[in-house]
Amino acid sequence: MIPLKRHVNGEMPFHATGVGKISDDLEIFTKQQHEGNKIAADWWKASKWRAFAERLLEESHGKCGYCEEKLGLKTPETNRASVDHIRPKSKKEYQHLAYSYFNFVIACKKCNSSKSNSFEILGREIEQPIVKIKTSGKKSHVKAKGFSIDPKKLWAGWSSPLRIFDSSYQKMSAEEKREQPKLINPYFDQPNKFFGYKIVQLDKGNVVEIYSLSKDDKSIMRADYTIKTLQLNRLELAQSRFKEYKQFQRVFTRVESAKKSTFWKKKEKRRLKKKYLSADQRFSGMFRFFGDQKEALHKKGRTT
């Protein structure tokens, strides 16, 4: 897992911002009121979040936002990208975020199904939507707060009768901190501070497993919860990591043994390092960790 950033620039689906978003928010809110907060699974419109798939895949550099397996939108089922709701829409306290761009992450089928509706927190749940009708003279205004954030922040200065507060991405960040989710979120957390990688020898061969790198109890608990919830050490994934690692070793060894000049070898090593540490490289979080370890050992050797 590596840190990810939201791409709020560029064209957004109509329902993601402005009038379209407000309409969807109120539709969900109204449905909750009628259904007693129990919205049936078949009521949701999957097209609403699938419309973000291409943008989310670009944000995650063509990989699962959780395990870093390479994905595509039109690839075979096993490597096809799916949109995961970080905060599950199946839980009534998060239903108002079902169509929220900031609640999405691209994920592989395995991570998505493993996570399912798991989402435990250590703090307080995020604020629930509140809608009030305020009449002033002959005009009625709908005032609302607690809805998900408009990525384009189009609410400021509107003459629309619908006024939505909490209109900043920073507020969503504050909500995230207050809720204190156990799940490591690549958009809000720094995964490299939580996860380490190690080669483990099994009966079926060597694998690379993820482990908790943290030192404090809370961070260890969050890392362990994330690894277990997403099954980040499932056998096929751990085997794929090791195969990718061995492939790097083979390429690096070929460069080392090549009958070329020292200048060429240094240049080629820099190219390989840049490639394997780049965000779009499969399992780049693993290569970054091993690279940092090697650098730390190198520095330690120079000081002793």
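The values are calculated or read from the model by the stated rules, or taken from the named source; none is laboratory data. Nothing here was measured: the structure is a model prediction, and the numbers come from that model. Note that each Cβ is placed from the backbone with ideal geometry, even for glycine, and that neighbours are counted across all protein chains shown.
Some notes on this structure:
- Residues in segment 83-101 that are under 19 Å from Glu54 (Cβ atoms) and either over 16 Å from the mean Cα position of the chain (by Cα) or surrounded by fewer than 22 Cβ atoms within 10 Å (Cβ to Cβ) (or both): Val83 alone.
- Residue count for segment 8-53 under the criterion of being of a type outside the set (A, V, I, L, M, F, W, C), loosely packed, with under 12 Cβ neighbours inside 10 Å and either on the phi < 0 side of the Ramachandran plot or modelled with pLDDT of 85 or more (or both): the result is 8.
- Residues that are of a type in the set (D, E, K, R) and not in a helix (DSSP H, G or I) within segment 218-239 comprise just one, Arg234.
- Qualifying residue in segment 68-84 (condition: under 26 Å from Phe188 (Cα atoms) and polar (S, T, N, Q)): yes
- Matching residues in segment 208-239 - criterion: being of a type outside the set (Gly, Ala, Ser) and over 25 Å from Ile106 (Cα atoms): Lys215, Asp216, Asp217, Lys218
- Considering Lys38, Lys70, Lys92, the condition of being assigned by TED's automatic domain parsing to the domain that holds Arg6, closer than 25 Å to Gln231 by Cβ and of a type in the set (Lys, Arg) is satisfied by Lys70 alone.
- Single condition Arg222 does not satisfy, out of (1) more than 21 Å from Leu122 (Cβ to Cβ); (2) modelled with pLDDT of 90 or more: (1)
- Any hit, segment 63-75, residues being surrounded by fewer than 17 Cβ atoms within 10 Å (Cβ to Cβ), under 17 Å from Pro13 (Cα atoms) and among the charged types (D, E, K, R): no
- Residues within segment 206-232 that are out of contact with any helix residue (DSSP H, G or I) (no Cβ under 6 Å at 6 or more places or on another chain) and in contact (Cβ under 8 Å) with a residue 12 or more places away in the chain, tallied: 12
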